[in-house]
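All remarks here apply to the structure that follows.
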Amino acid sequence: MSAATEALDKAAVPYRVIDHGPVRSVAEAASARGVDVIDVVKTIVVRRGDGDFLFVLVPGDRVISWPKLRTLLGVSRLSMPDAATAKEATGYERGTITPFGSTTAWPVVVDERLRGRAVTLGSGAHGVAIAVEADAAAEALDATYADVTDPES
C-alpha cells in the first residue's frame, strides 16, 4: 500500500491501480492505461510563494494557462519549482506526483474539462497509475474546478 492508496482509502474514494510499466509520453501512458489522452491527468506543482504551493490537475491534451490560473488565484506571479523542490513539497518524484498522500495537503485546482470523467492520476511510483472518478477525487481533495488550461500546441 502506498501513501496515495492509503489516502484514497481514508477518503473512501473508489480507485483502481494500473501497473503499466515505463512510458515516455502522455500518448504512451494513455495507451498503456487504456484511456484517452485527455484522461491521463498531469498533476502539476505550482509555486505561489516561498513555501506555498498548489496542485493543478491538467488533462493530458492540455497545458496550464498561466494568465487564467493567475486570475483565478488573484496573484501576479506563479512559477514551477524544480524537481527537487517539488519532491520536497510533495514527497513525490516528478512523473509520479499526485495530491493523494502528499506530505502536505496543498490546495488543488482541477481543470473544468475533467468534470464528470473517469481519469488516471499519478500513484507516487513510476509506471503505476490510479484510476478514479474525477468528481470523487475533486470532492475528497476539496478541490476547485476552473478553466485553467489551453490546448497543447
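Numbers at a glance
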| read-out | value |
| --- | --- |
| The chain shape via C-alpha gyration tensor axes, a/c threshold 1.5 | rounded |
| Accessible area in square angstrom per residue, the stretch 1-90, 1.4 angstrom probe | 54 Å² |
| Residue among Ser65, Ser76, Ser31 with the largest mean-square fluctuation in a Gaussian network model of the chain, springs linking Cα atoms under 10 Å | Ser76 |
| Derived scalar couplings ³J(HN,Hα) [the stretch 119-132; Karplus, 6.51 cos²θ - 1.76 cosθ + 1.60; whole Hz; x for Gly, Pro] | 10, 10, 10, x, 10, x, 9, 5, x, 9, 10, 10, 9, 8 |
| Surface share of carbon and sulfur [accessible, 1.4 angstrom probe, percent] for the stretch 1-136 | 51 percent |
| Extreme residue, positive dipole direction of the stretch 12-153, given options Ala84, Ala105, Ala134 (C-beta unit charges) | Ala84 |
| Estimated [θ] at 222 nm from DSSP helical runs (n ≥ 4, -39500 (n - 2.57)) normalised by residues in the chain, nearest 500 | -7000 deg cm²/dmol |
| Value of relative contact order over the stretch 1-90, rounded to a whole percent, pairs C-alpha under 8 Å and six or more apart | 20 percent |
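The values are calculated or read from the model by the stated rules, or taken from the named source; none is laboratory data. Everything quoted here is computed from the prediction, not taken from an experiment. FYI the Cβ positions are ideal-geometry reconstructions off the backbone, even for glycines, and counts take in every protein chain you see. The protein model used for the area step is the full one, side chains on, heavy atoms only, and it has no ligands, DNA or RNA in it. Shrake-Rupley method; radii C 1.70, N 1.55, O 1.52, S 1.80 Å.
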